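Encoded as structure tokens, the structure appears first; notes follow it.
The values are calculated or read from the model by the stated rules, or taken from the named source; none is laboratory data. Every value quoted in this text rests on a predicted model; they were computed, and no experiment measured them. Heads up, the Cβs are rebuilt from the backbone with ideal geometry, glycines too, and the neighbour counts pull from every protein chain shown.
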């Protein structure tokens, strides 16, 4: 295992810690709810949904979090201001987990930001996300600053320059935006944009933490789910599932602090994968670096039943 020379930031969002040295704090598991095609969602535009099914999904991730030691968060999605506000209201009412407030456009996110400021739940919110290249970034800066939102995801990618330096350049621009928005805490997503990108994204996450010390992670699921496998490349009946497990675990081994693992309904499999990866990382850090994992880390739950 390894230790980053740069001091590592650790941020607290409603009791959940993001960041630190490898093996110190477990990966925060971020499951998406109310995405287009979600079985609980009845009308994407208005945001109507099956409340019982949505709450059941949240309770399941809370249970898995308690069982494994991996903290949970909800990527709460809305395809319109009305929908996102409705979904955020529901999530903040039924759980204390951090809520990634996720809309596809700056207008949707900005309207939701005003709402969470009005109802006073901004401490639970992670604004998802800031992109410095958007034409409406000024609207987002104003909405974040005026409503006391403290934490945001910086989506740091330049599609014209996919190198590590390109990600660094995008991050520098995003950090300027974050400062103008008066954000206290930022976490970085360098983006996964292609099917085999998880390994490279893991490397980028490593380099971001190495240079900046900022919590970082990504969403391997976004592209892996599109993987249409050729039968000639499949070695087992469940090849896709196994390879998805590798894609989601590799970022943990290179230092990722959070994993946007896809639909919240796939949480049991993803918690199985990432909690095991976290346990291996923590053991390596403890044996090789003398770094003791935080309380209730997966290493205590995966290999030694019953805690420390």
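The table below gives the values:
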{"quantity": "Yes/no for residue 259 being more than 22 Å from residue 151 (Cβ to Cβ), in contact with a strand residue (DSSP E or B) (Cβ under 7 Å, 6 or more places away or on another chain) and crowded, with 24+ Cβ neighbours inside 10 Å", "calculated": "no"}
{"quantity": "The range 95-118: number of residues that are touching a residue at least 40 places away in the same chain (Cβ under 8 Å) and either out of contact with any strand residue (DSSP E or B) (no Cβ under 8 Å at 6 or more places or on another chain) or farther than 25 Å from residue 257 by Cα (or both)", "calculated": "1"}
{"quantity": "Of all residues making up the range 127-146, the number that are within 15 Å of residue 178 (Cβ to Cβ) and not in a helix (DSSP H, G or I)", "calculated": "8"}
{"quantity": "Residue within the range 267-280 that is buried (at least 18 other Cβ atoms within 10 Å of the Cβ), at pLDDT below 95 and under 19 Å from the mean Cα position of the chain (by Cα) present", "calculated": "no"}
{"quantity": "Enumeration of residues in the range 72-83 that are closer than 21 Å to residue 279 by Cα and in contact with a helix residue (DSSP H, G or I) (Cβ under 6 Å, 6 or more places away or on another chain)", "calculated": "72"}
{"quantity": "Check on residue 89, surrounded by fewer than 22 Cβ atoms within 10 Å (Cβ to Cβ), free of Cβ contacts under 8 Å to residues at least 24 places away in the same chain and more than 18 Å from the chain's Cα centre (by Cα)", "calculated": "no"}
{"quantity": "Qualifying residue in the range 288-300 (condition: modelled with pLDDT of 95 or more, touching a strand residue (DSSP E or B) at 6+ places or on another chain (Cβ under 8 Å) and part of a helix (DSSP H, G or I))", "calculated": "no"}
{"quantity": "Failed condition for residue 222, given (1) outside any helix (DSSP H, G or I); (2) touching a strand residue (DSSP E or B) at 6+ places or on another chain (Cβ under 8 Å)", "calculated": "(1)"}
{"quantity": "Count - residues of the range 21-69 that are crowded, with 22+ Cβ neighbours inside 10 Å, part of a loop (DSSP other than H, G, I, E, B) and within 17 Å of the chain's Cα centre (by Cα)", "calculated": "6"}
{"quantity": "Answer residue from the range 117-147, given it is closer than 19 Å to residue 16 by Cα and touching a helix residue (DSSP H, G or I) at 6+ places or on another chain (Cβ under 7 Å) and is surrounded by the fewest Cβ atoms within 10 Å (Cβ to Cβ) among those", "calculated": "121"}
{"quantity": "Some residue of the range 155-173 being within 20 Å of the chain's Cα centre (by Cα), surrounded by fewer than 20 Cβ atoms within 10 Å (Cβ to Cβ), at pLDDT 95 or above and under 20 Å from residue 101 (Cα atoms)", "calculated": "no"}
